[in-house]
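Since the structure comes first, as structure tokens, the remarks are kept for the end.
The values are calculated or read from the model by the stated rules, or taken from the named source; none is laboratory data. Treat the numbers as computed from the prediction; the structure is a model and nothing was measured. Neighbour counts are summed over all protein chains in view; Cβ atoms, including those assigned to glycine, are modelled from backbone coordinates with ideal geometry. Heavy atoms of the whole protein, side chains included, go into the accessibility calculation; ligands, DNA and RNA do not. Shrake-Rupley method; radii C 1.70, N 1.55, O 1.52, S 1.80 Å.
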Amino acid sequence: MRVLLVASAFNSLTQRVHVELRERGHHVGVELALGDDALRAGAARFRPDLIVAPMLTRKVPEDVWRSHPVLIVHPGPAGDRGPSSLDWAIHDGAAEWGVTVLQAVAELDAGPVWASVPFPVRAGGKSETYRNEVADAAVEAVLQAVERFAGGWYAPDLAAGRLGRERPYHAQEFRRIDWAVDSTATVLRRLRAADSQPGVLDELYGRAYYLHGGCAEDRLRGRPGELIASRDGAICRATVDGAVWIPQLRPRRTPGGPATYKLPAATVLGPQLTLAGVPEVPVSPQEAAHRETWSEIRYREHGEVGYLEFAFPGGAMSTAQCRRLLRAYRAAAARPVPVLVLGPPRDFFSNGIHLNVIEAAADPAAESWANINAMDDLVEAILTTTDTYVVSALAGNAAAGGLMLALAADEVWCRASSVLNPHYRLMGLYGSEYWTYTLPRRVGVEQAGRLTSAALPLGAREALGLGLVDRVAGGDAAGFRRWVAGEAEELARSAEMGAWLTQKKRRRAADECVKPLAAYRAEELTRMRHNFLDPGEPYHPLRRAFVHKTCPTETPAHLRG
Ligand code: COA
């Protein structure tokens, strides 16, 4: 079928649906919902058999849904209606939620139901839940709905949507935290229901900020509402019965002032933290692995396998974050375990250099340079590890330099639902992270050229077929983690491990003779320096648009299909 995806942004869920429908042989196009006329024109151009809207924040015009069947993905169970479904589910502490695919009608979320899939809600942030449980349920529901539609035999449920309850927009009045009264559990629910957007509006040192993200703290305590510690850019704030960590802040925009965006909380507060005597309270990756506290990096061992787990908000890795991970990587690689597994337990593996931190720097070009060099140092350390067998385990998505980081390992294992974006072009960058060494080595020169120029997302199965990744496993994030542990332990026990490591050493030495790693890096960085410094390059405006979430004026041509 010709399926047109209509979406407010080509976000992770839209990309996932794109990948899954393409894998099932459908011809898929994308039209961003940038206005009714553009949508009409897009539909007329693509001539779809079916329109699917995986993430839509505006209404489809009546003439479009009257002339084409339009299926809308709603992140709530059948009967739930309104624009803040997931926020309410987390706010209320729902144990189970769902995703429903409804046909567009005049009334929002009230059309005939084509499919509805439930999922359990675990304690976690909204955006992480969206990219995990919601995305899995949404894909299942969309595939069911598309199959039912294509079969022509299915009668959608006309009543379920119409009988439901419409809940209002989850405005700041519902999100407010009363630090003098609210328990840690309540504070965490409020923070998690708002974690990516819009954040919880609050006040710190007399200024208004949106708080983004929330993590429990097991030991630190203080006067309710007081900032009691900072760590690696995050701040810890006391509650009536404990404390919570807040990783990112966004200042409220002042009337007529510049647009604001999320940054590490300690960066935003800067000297105020020092003036207030808020101490930096570090935790080692080993200690963090056994505690309930904020840490972007954890290290643990089980049997013959070391696990270096890292999880950076939005998958973005600043210069400081890359350096911390490099330190932890060096320590982990020096441990007497034959196998080292890299990657977070759920969600993004990495999305490359930290565009927001770069945007906020006094000299963004210089900060871009520092950041890419810090990424390269990390990748180089992985590429030159010869006494340990290194595995990248991708429980979630990875893009640009963050995906190339994964490719530095000996093997790349991937959850079937991961979406991979092996390209830099959309950010106006040539890219580094030794991709000119690792990518062609895996997929061949021609395919590497195709992937980096097409700039389309790849599914894990397609990536496996191309040799971009080595093993793929289905299931949820917890199941993937168990599967990774099983495979890694088997690898570590293998009688052939010694021979593999010898072979790895030989191959690295042989590759170094053909072309030294330093030469790959120097060539890539020459191109990147040009991207960062040449005034005619598109990188700076593209980065600014990304950070400020500027709406594009038209659907990018490479997505139209
Ligand atoms: N730097 C800073 N923030 C980043 C980031 C980066 N490299 N990559 C993602 N983020 C942020 C997003 O702005 C978003 O923030 P929000 O929570 O305020 O909305 C959050 O992380 C999640 O990303 P989002 O874009 O919503 O996720 P997605 O899964 O829909 O899309 C990508 C993922 C990777 C396609 C998209 O985020 C992207 O293009 N990132 C930039 C990749 C890049 O060019 N990196 C630099 C070159 S190495």
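Miscellaneous remarks
- For the range 99-117, filtered to residues that are buried (at least 23 other Cβ atoms within 10 Å of the Cβ) and among the small types (G, A, S), the residue that is nearest to L50 (Cα to Cα) is A104.
- Test result for A234, over 26 Å from the mean Cα position of the chain (by Cα) and closer than 23 Å to L275 by Cα: no
- Cβ-Cβ contacts under 8 Å between residues 6 or more apart (or on different chains), taken from a first residue in the range 321-332 that is charged (D, E, K, R) to a second residue that is modelled with pLDDT under 95 and surrounded by fewer than 18 Cβ atoms within 10 Å (Cβ to Cβ), are absent.
- Listed conditions (1) in a loop (DSSP other than H, G, I, E, B); (2) under 27 Å from the mean Cα position of the chain (by Cα); (3) modelled with pLDDT of 95 or more; (4) of a type in the set (A, V, I, L, M) are all met by V278, apart from (2).
- Residue check, A216 in contact with a Phe, Trp or Tyr (Cβ under 8 Å, 6 or more places away or on another chain) and farther than 20 Å from S318 by Cα: yes
- Among the candidates R253, R189, residue that is surrounded by 15 or more Cβ atoms within 10 Å (Cβ to Cβ), out of contact with any Lys or Arg (no Cβ under 9 Å at 6 or more places or on another chain) and not assigned by TED's automatic domain parsing to the domain that holds I358: R189
- Qualifying residue in the range 15-32 (condition: within 15 Å of the ligand (Cβ to nearest atom), modelled with pLDDT of 95 or more and within 16 Å of W65 (Cβ to Cβ)): no
- When the range 314-330 is filtered for residues that are at negative phi, open to solvent by 40 Å² or more (accessible area, probe 1.4 Å) and within 12 Å of the ligand (Cβ to nearest atom), nothing remains.
- Search result, residues across the range 415-451 that are surrounded by fewer than 19 Cβ atoms within 10 Å (Cβ to Cβ) and either closer than 25 Å to N373 by Cα or within 16 Å of the ligand (Cβ to nearest atom) (or both): R425, L426, G428, P440, R441, R442, V445, G449
- Selection of helices (runs of 4 or more DSSP H) fully inside the range 118-182 by the criterion of at least 2 residues being open to solvent by 30 Å² or more (accessible area, probe 1.4 Å) and not charged (D, E, K, R) returns 135-151, 158-162, 172-175.
- Checking each residue in the range 513-535 for being open to solvent by 60 Å² or more (accessible area, probe 1.4 Å) and either touching a strand residue (DSSP E or B) at 6+ places or on another chain (Cβ under 9 Å) or at pLDDT 95 or above (or both) picks out C513, V514, A518, E523, T526, R527, R529, H530, L533.
- So R425, is it charged (D, E, K, R), closer than 29 Å to D534 by Cα, over 15 Å from the mean Cα position of the chain (by Cα) and in the same structural domain as A370 (by TED's automatic domain parsing): yes
- The residue that is farthest from P255 (Cα to Cα), counting only those in the range 196-210 that are within 13 Å of the ligand (Cβ to nearest atom) and out of contact with any Phe, Trp or Tyr (no Cβ under 7 Å at 6 or more places or on another chain), is S196.
- Test result for V283, more than 16 Å from the ligand (Cβ to nearest atom), touching a residue at least 40 places away in the same chain (Cβ under 8 Å), surrounded by fewer than 20 Cβ atoms within 10 Å (Cβ to Cβ) and more than 23 Å from the chain's Cα centre (by Cα): yes
- Strands (runs of 3 or more DSSP E) lying entirely in the range 206-259 (those with 3 or more residues that are over 16 Å from L191 (Cβ atoms)): 227-231
- Of the residues E226, E217, the single one that is without any contact (Cβ under 8 Å) to a residue 24 or more places away in the chain and either among the acidic types (D, E) or buried (at least 17 other Cβ atoms within 10 Å of the Cβ) (or both) is E226.
- Residue within the range 136-155 that is closer than 24 Å to F10 by Cα, touching a strand residue (DSSP E or B) at 6+ places or on another chain (Cβ under 8 Å), within 16 Å of the ligand (Cβ to nearest atom) and in contact (Cβ under 8 Å) with a residue 40 or more places away in the chain present: yes
Rundown of residues vs (1) part of a helix (DSSP H, G or I); (2) in contact with an Asp or Glu (Cβ under 9 Å, 6 or more places away or on another chain); (3) away from the ligand (no atom under 16 Å from the Cβ), yes/no style:
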| residue | (1), (2), (3) |
| --- | --- |
| R461 | yes, yes, yes |
| E490 | yes, no, yes |
| K504 | yes, yes, yes |
| C513 | yes, no, yes |
| P541 | yes, no, no |
| K549 | no, no, no |
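- Per-region count, the range 151-188, residues within 29 Å of L50 (Cβ to Cβ) and touching an Asp or Glu at 6+ places or on another chain (Cβ under 8 Å): 6
- Matching residues, the range 452-462, being open to solvent by less than 10 Å² (accessible area, probe 1.4 Å) and in contact with a helix residue (DSSP H, G or I) (Cβ under 8 Å, 6 or more places away or on another chain): A455, P457, L458, G459
- Selection count, the range 358-391, where residues are within 14 Å of the ligand (Cβ to nearest atom), farther than 17 Å from S432 by Cβ and buried (at least 23 other Cβ atoms within 10 Å of the Cβ): 0
- Output for the range 399-414, where each listed residue is more than 22 Å from H354 (Cβ to Cβ) and either open to solvent by less than 20 Å² (accessible area, probe 1.4 Å) or within 10 Å of the ligand (Cβ to nearest atom) (or both): V412, W413, C414
- Hey, G225 closer than 21 Å to I358 by Cα and over 24 Å from the mean Cα position of the chain (by Cα) or not: no
- The residue that is most open to solvent (accessible area, probe 1.4 Å), counting only those in the range 53-95 that are out of contact with any strand residue (DSSP E or B) (no Cβ under 9 Å at 6 or more places or on another chain) and among the charged types (D, E, K, R), is R66.
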